[in-house]
Every structure is written in structure tokens, then in C-alpha cells.
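The next block holds one structure in the form of C-alpha cells; read it before the comments.
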Amino acid sequence: MTEAVPSDVHSGSTQALFIDSWQVYRKMVDNDYLFHAGAYGCLRRILHADFGHPFRFLDVACGDASMSVRALNGTAVSHYAGLDISEQALAIAAENVKALGCTASLHACDFACALPNWKEPADLVWIGLSLHHLQTGAKPDAMRAIRSIVGDGGRLMIYEDASPDGESRDGWLARWDRQKSHWTAYTEAEWSSVTAHVHSSDYPETDSVWRQLGRDAGFSRVDELYQSPTGLFRLYSFHS
């Protein structure tokens, strides 16, 4: 079931990449340029190790849900909820989530607007490479909203742009740009489109800032579980 939720998009470039150019993004995923395989493999291990009982899963900026469904298959997930701004992606997700055999709902929305008003509890909230679209001042509101959603005993896991302490946004973007020669499946125009989005819409945080954001939101423990081979992305687990 797809439910419409009033939304605003984060920026014009974000909308263009994730709505009008969904297949360009899928090529990024299919070639594992952002190391989704390692991140979602880590998520799957956590799901099997720590969630042996029925649990509710909230997938923020879920896209077509294919990677999350792969991680969730064979787990005790009892309800899946997905949020995304792309109707095209959600149409694909509606088919993909059927494989889970649990109740599911999909919502067309901007997650930054939707999360503070979200009423359904979740045991685990997952965000894969989307929270970094919010600037530093906006991230606390989203994380505090998620802390309320998961309640006591729940968890937030994020895979996001991250820098070592002391690195600026410009430094992170310079490291991003040095990947170009490895993105051989992309045309010059596709690389330029993706990189323009990154430069306009990605706001990485240092390791210390990500951890502090979690503590300020009310999470009692923060663990780093995975770092991409490029060092551009890290996976954090926030325990309530």
C-alpha cells in the first residue's frame, strides 16, 4: 500500500537525481560504487544477531527497497514501512516488499518533514545515504524524532557521508572527486550529474559530530560498525 504524505523536497538537485534520474542512481547501486553491499551486509548480520523476535522496520529514504528487502529476508520482521520522495522508486518498492511476507506500507514524502509527525513505532530505523542531505542544523531534529519513534530499547542505524575528525566539507568533496576514474560504467554526463548533486546537496559530518548528534538526540550508545574502502562513508548504530 502506498500512502501519500504532504512533502517538500530537500533541493532541486536531489529531486532531479532521485526522481527524474532513478536509473542513473540504480547504476550506482548495481556497480557498488558507494559500497552498499558492505553496508547492507552489516545490516543483515545485525538483524540476524540481535532481532530474533518480531520487529518493526522503518526504512527512511527507502528507494526501491531492494537492498533492504535483501537484508530483511529470512528475519523476524513483522512490519515494513518505507519513506521516499520518488514515486517511481516506490512503485518498484511495492513489488519488492511482497517478498518479505509481512505487512508493509509505503509513503511518498520528504522524510525530514514526515519524521517529526510519524506516529507508528519502530524497533529499528534504517537510513542509507540520505541523512547527509540535511545540513548540520537540521540533522538534530530528524534524529530526535527517530529517538521518539524507536522508544526505549529501539535502534537507529545510518550509513552516511563521514569524515575523520578535522576534515572540512571541502576536503570530503575533494576525496569524492578523486573517485571519477573508478566509475567506468558512467558516461561523462552521468558522472557530472551525480557529482553536481553531491556538491550541492551532501553535507558530511565528522566522526565526532555524528556521535555527538546521537548523544544529543537521546541515544545512550553509538557504535561504528562499518567503513567503506574509500573512507567516504561510515555505518553507525545508535542504541536508545
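The values are calculated or read from the model by the stated rules, or taken from the named source; none is laboratory data. Quick caveat: nothing in here was measured; it's all calculated off a predicted structure. Here Cβ is always computed from backbone atoms with ideal geometry, including for glycine, and neighbour counts include all displayed protein chains. SASA here: full protein model, heavy atoms, side chains in, ligands and nucleic acids out. Shrake-Rupley method; radii C 1.70, N 1.55, O 1.52, S 1.80 Å.
Annotations
- Here G74, G63, G82 are screened, and the one residue that is buried (at least 16 other Cβ atoms within 10 Å of the Cβ) and in contact with a His (Cβ under 8 Å, 6 or more places away or on another chain) is G82.
- Taken as a whole, the condition of being basic (K, R), touching a strand residue (DSSP E or B) at 6+ places or on another chain (Cβ under 9 Å) and open to solvent by 70 Å² or more (accessible area, probe 1.4 Å) applies to R221.
- Of all residues in segment 153-166, those that are closer than 19 Å to V60 by Cβ have Cβ atoms under 8 Å from Cβ atoms of residues that are among the small types (G, A, S) and in a strand (DSSP E or B), 6 or more apart or on another chain, in R155/S237; L156/S237; M157/S237; I158/G128; Y159/G128.
- Failed item, numbered, when H107 is tested on (1) in a strand (DSSP E or B); (2) open to solvent by 20 Å² or more (accessible area, probe 1.4 Å); (3) of a type outside the set (S, T, Y): (2)
- Within segment 39-52, residues that are within 14 Å of S68 (Cβ to Cβ) sit with their Cβ atoms under 6 Å from residues that are assigned to a loop (DSSP other than H, G, I, E, B), at 6+ positions apart or across chains, in these pairs: L47/T75.
- Boolean, F57 is within 17 Å of A94 (Cα to Cα), crowded, with 18+ Cβ neighbours inside 10 Å and of a type in the set (F, W, Y): yes
- Qualifying residue in segment 70-81 (condition: over 18 Å from the mean Cα position of the chain (by Cα) and of a type in the set (K, R)): no
- Checking segment 169-188 against the condition returns no match, with no residue being open to solvent by less than 20 Å² (accessible area, probe 1.4 Å), farther than 23 Å from Y25 by Cβ and not in a loop (DSSP other than H, G, I, E, B).
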